[in-house]
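*Asks:* Below: one structure in structure tokens.
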Amino acid sequence: MEEIAQLESTLLARIDELETPRDILKAPEIKQLYAKIPTLDPAQRGVFGQKINGLKQALERVVAEKESQIEESASVPLDVTAPLHINSKLPKLLSAEQGTVHPLRQEIAKLIEIFGRMGFVAEESRELDDQYHMFESLNFPAGHPARDEYDTFMTVQKDTNEEAFVAPAHTSTMQNRILKKYKENLDKDEPIAAVVPDRTFRNEDLDARHEHTFYQIEGVYVAKNVHAGMLIATLQKFLEEYYGKKLEVRVNPFYFPFTEPSFEFALSCPFCEGTNPSCKVCGGEGWIELLGCGMIHPRVLQMAGIDPSVYTGFAFGCGIDRLVMMKYAIEDVRHFESAKLDFLKQF
Ligand code: PHE
């Protein structure tokens, strides 16, 4: 009798492991119990048989309950966004392996932390913006040829086919908003100091160095008496913190409509430091053209309601993917968005 009671709890526990709960009624242990009957004292056989039937009925009740639960959950739409443990059906299909933060997000957290120590607040960009923030606010007048340099993804108005919203091709789309949001700092004799690390999009031919979706970090700094030396020193300090080593930097004149003067900023190869003629990061050049920057154009300040005869500022825009690729000698930018687990799991 004791054996039957014990078996009941063993079998009840086993039901949950079965795909078809009803299979529990075919458990070999039950057959073995029946087989015992002829070996018992005839006086005990009746009671023993009743006990086995009782066991079967108890199992039958639980099985029926499980079956109705399964039926019910089959008719409930599957919420694929629910955490695995909430979704009763999923754990059988998938193992609830813990995800990790994407490598670029991990690096962005480091960038925000470094700039935070230098007094910059971090802001988010957006994934769809208007023509004003992409072009006008950055001193690209209508029809300006430099507009075409950005290979911008655009939406068009359905009826008129006119250009409408843009997927930001750089984080400079946030300059005007940053300037407006923080311009009261200037009245308190505090600088405007913000970075915007976020996603950007360009309609480019894809290869190991070009992705249609990538990340940039924009920097904006405005106060009285800001000059180009401060821009260069800020970038050098930032890069030395990020790569954890002393670096040489170099600027060349460049053109952007929204900065004057504008520069192309290069750094000594953080990977080989110019010592390896076949370095896979700098190709033996020893230098890497990294980012665009310059002194914020007076008209850009004006458009945000800041007086350029009182305040000056600098801005820079740096590709985050490249920054990270150089740090770890990643050979192909497409790895980042590829969802390849063996790549992602290294971080
Ligand atoms: N937005 C520019 C680019 O993506 C870089 C830049 C930012 C240049 C800020 C100057 C100032 O090419």
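Only the coordinates and a few stated rules stand behind these numbers; no lab work does. Since we're looking at a predicted model, the values are computed, not measured. With ideal geometry, Cβ positions are generated from the backbone for all residues, glycine too; neighbour counts draw on all protein chains shown.
*Asks:* Using Cα-Cα distances under 8 Å and only pairs 6 or more residues apart, what relative contact order does the chain have, in percent?
*Replies:* 14
*Asks:* Pairing the Cα long axis of helix 42-75 with the longest principal axis of the chain, what angle in degrees results, from 0 to 90 and rounded to the nearest 10?
*Replies:* For 42-75 against the chain, the angle is about 30 degrees.
*Asks:* Can I ask one more? For the pair residue 3 and residue 37, how long in nm is the line joining their label points, each one 7 Å along Cα→Cβ?
*Replies:* 1.5
*Asks:* Moving to a separate point now. Along the Cα-to-C-beta direction of residue 153, a point sits 7 Å from the Cα; which residues of the range 320-347 have their amide N less than 13 Å from that point?
*Replies:* Answer for the range 320-347: none.
*Asks:* Can you compute the FRET efficiency between residue 117 and residue 144 using 1/(1 + (r/R0)^6), with r the Cβ-Cβ distance and R0 = 45 Å? Round to the nearest 0.05.
*Replies:* 0.75
*Asks:* Work from the charge dipole of the chain (Cβ charges, +1 for Lys and Arg, -1 for Asp and Glu, about the Cα centre) and give the residue of 166, 134, 236 farthest towards its positive end.
*Replies:* The one lying farthest along the dipole's positive direction is 236.
*Asks:* Further, regarding this structure: What is the Rg over Rh value, at two decimals, for the range 103-344, using alpha-carbon atoms and the Kirkwood definition of Rh?
*Replies:* 0.97
*Asks:* Compute, for the range 144-250, the length of the dipole vector about the Cα centre, with Cβ point charges of +1 (Lys, Arg) and -1 (Asp, Glu) only. Units Debye, rounded to 20.
*Replies:* Here the range 144-250 has a charge dipole of around 500 debye.
*Asks:* Right, something else. Past 31 Å, Cα to Cα: identify those pairs from 158/345; 224/327; 246/340; 280/345, in the order given.
*Replies:* 158/345; 224/327; 246/340
*Asks:* Continuing with the same structure: Might you list the cysteines of the chain that have no disulfide-compatible partner by the rule of another cysteine's Cβ under 4.7 Å?
*Replies:* So, 293, 318.
*Asks:* Now for a separate question. For the chain, with the dipole built from +1 on Lys and Arg beta-carbon atoms and -1 on Asp and Glu ones, taken about the Cα centre, which of 69, 210, 39 lies farthest toward the positive end?
*Replies:* 39
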